[in-house]
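This report refers to the structure that appears directly beneath it.
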Amino acid sequence: MLIREATADDWPRIWPFWHRIVAAGETYAWDPGTSEEEARVLWMNPAKRVYAVEDDSGAVVASAYLTPNYGGPAARIANAGFMVDPGRGGRGYGRALAEHLLTEARAAGYRGMVFNAVVETNPAVTLWTSLGFTVLGTVPDAFDHPRHGRVGLHIMYRAL
C-alpha cells in the first residue's frame with residue numbers, strides 16, 4: 001500500500017466510497033444527501049492536508065484529512081476524518097492511515113488530536129481506543145442511526 005498526499009485528481013476515486021459511506025448515514029454526521037460538489041469542498045478543502053491510500057494495483061481505497069480543530073491559541077489540536085472503502089475493510093488500510101496521520105500531526109507540531117462526533121456504534125471506536133484515544137464524553141441521543149435509532153456521539157482525544 002502507498003499512503004501519500006492526495007491531489008485534486010484523486011477526488012473522482014474518493015467520491016464513490018465517500019458517497020457510499022455518508023449516504024448510509026451510520027458513521028458520519030454529514031447530510032446523507034450531500035452532493036458531490038459539496039462533498040468535494042468538505043473533504044478536499046485547501047485548509048486541510050488530505051491523504052490517499054492506494055492498494056498494490058494503484059486503486060484509491062481510503063482517504064483522510066488532517067486539519068486544526070480550533071483556531072488561534074488552540075490551533076495545535078488537530079482534527080481528522082477517515083474513510084476506507086467499505087469493500088476494502090479489514091485489510092489494515094484504516095490502521096495504517098491512522099498511524100500515518102498521527103505521525104504527520106506530530107511532525108506538524110500538533111499537541112493532540114480530537115474527534116468531535118464519533119458515532120458510538122461505529123466499529124472504528126475500537127481502532128481509535130487501540131491507538132490510545134479516550135472517550136472524553138458522550139452526547140446522548142445525538143445521532144439518528146438508521147438501524148439503531150438514537151445513539152450517542154463520542155468526543156475522543158489523544159495527546160501527541
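Scanning segment 101-130 for residues that are in contact with a His (Cβ under 9 Å, 6 or more places away or on another chain) and of a type in the set (A, V, I, L, M), which turns out most open to solvent (accessible area, probe 1.4 Å)?
The qualifying residue most open to solvent (accessible area, probe 1.4 Å) is Ala117.
From the set of residues in segment 17-27 that are open to solvent by 20 Å² or more (accessible area, probe 1.4 Å) and in contact (Cβ under 8 Å) with a residue 12 or more places away in the chain, which is nearest to Trp43 (Cα to Cα)? Show your work before the answer.
Let us first name the residues in segment 17-27 that are open to solvent by 20 Å² or more (accessible area, probe 1.4 Å), namely 19-21, 23-24, 26-27.
Filter once more, keeping what is in contact (Cβ under 8 Å) with a residue 12 or more places away in the chain: 19-21, 24, 26-27.
Values: His19: 11, Arg20: 14, Ile21: 13, Ala24: 17, Glu26: 18, Thr27: 15 Å.
Across segment 17-27, the extreme among qualifying residues is His19.
Could we say that Ala29 is hydrophobic (A, V, I, L, M, F, W, C), part of a helix (DSSP H, G or I) and under 23 Å from Val135 (Cα atoms) here?
Working: hydrophobic (A, V, I, L, M, F, W, C): yes; part of a helix (DSSP H, G or I): no; under 23 Å from Val135 (Cα atoms): yes.
In short, no.
Given the structure, is Ala80 touching a Ser or Thr at 6+ places or on another chain (Cβ under 9 Å), at pLDDT 95 or above and part of a strand (DSSP E or B)?
Values: touching a Ser or Thr at 6+ places or on another chain (Cβ under 9 Å): yes; at pLDDT 95 or above: yes; part of a strand (DSSP E or B): yes.
Taking the combined requirement at face value, the residue satisfies it.
Kindly indicate which of Val41, Val61 is surrounded by 13 or more Cβ atoms within 10 Å (Cβ to Cβ) and of a type in the set (A, V, I, L, M).
Just one listed residue meets the conditions, Val61.
The values are calculated or read from the model by the stated rules, or taken from the named source; none is laboratory data. Computed from a predicted structure; not experimentally measured. Cβ atoms come from the backbone with ideal geometry, glycine included; neighbour counts cover every protein chain shown. For the accessible areas, the whole protein counts, side chains as well, though only heavy atoms, and no ligand, DNA or RNA atoms are used. Shrake-Rupley method; radii C 1.70, N 1.55, O 1.52, S 1.80 Å.
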